[in-house]
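One structure is given below, encoded as structure tokens.
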Amino acid sequence: MMSLTETSLWDAVKKQYVFKLQSYANFFVSLVIVQLVALLFSAGGMAGTSGIGWNNILVEVKLYSGTGIFIFTVLCTLANSVILTLPFYRNIDFSFVGSRLSGNMANIGFLVTAGLFGGITATLGSILLRNIHYYTGGGGEILKSFFMITPGELVTGMAVAVLYLILFSAAGYFAGLVVQLHRSLLVLLPALIVGLIFYEAANEQIGIFSRLIEFFVFERSPFHFSLKIILSASLLWIGAILLSNRKEVR
């Protein structure tokens, strides 16, 4: 019986996952559009501009970074993960023979796939930004330090971007289900998060967000970094599943 139950669960997850990939394919299109918009902003020098002048000579330095592309990708991923928790999208799962567990697992699979896609395209978008400025702005005017990257660095950058997007999608999915518990949380939760951020910034205190940034961003060991992301995302997924199971059964 245990074998039959597990087979039924994974069959349901697979069918729902394939359905979500087909039904939400527009998300991948919208993600690419958002990244292209971010690329246009980044092409103008989002990272900043500075100038130095002496003896009637003015030198203007523009800084370009693909960080903007990644930030836009994170925002799009967060929005998509929250949307999946809305009642309309959750009730679609009942068109299949399955359970809330299979529906949540299919959503997790879709969000992991979206994170994989977004991480790769965001990293390639950064490479595209480099090439645009190299071939249109004159290669001689570009500082060569850290401009060229090796295949290993490219793959590492993609892996880091994918892991971060998976973490953000897990956080967004968990937060979306928390908000579903009571309508007032739709206002209270974002207000609490924004309030804490401004409070820490205004008082220059090391609070929860500062510690989270230190925990996830400043880890030097690739193994420990991956382990932190995977474990944290897994805990958020488990928490989301437990919250979903508390909802009424349709």
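Just so you know, all these numbers are worked out from the coordinates, no wet-lab data involved. Just so we're clear, the structure is a prediction, and the values are computed from it rather than from any experiment. In this analysis, Cβ positions are derived from the backbone assuming ideal geometry, glycine residues included, and neighbour counts consider all displayed protein chains.
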Checklist entry - Under a point spin-label approximation (7 Å from Cα along Cα-to-Cβ), what is the Ile127-Val155 distance to one decimal in nm? => result 1.3
Checklist outcome for this item: Computed from the beta carbon distance with a Förster radius of 30 Å, FRET efficiency for Phe88 and Glu219 to the nearest 0.05 stands at 0.20
Item to check | Relative exposure of His224, His133, judged by other C-beta atoms within 10 Å (fewest first) | outcome: His224, His133
Checklist entry - When Leu39, Leu111 are ordered from fewest to most other Cβ atoms inside 10 Å of their Cβ, what list results? => result Leu39, Leu111
Item to check | Sorted by Cβ neighbour density within 10 Å, fewest at the top, the residues Tyr89, Tyr199 | outcome: Tyr199, Tyr89
Checklist entry - Stretched out fully, how many nm does the piece from Ser210 to Ala191 gain, at 0.36 nm a residue minus the Cα gap? => result 5.1 nm
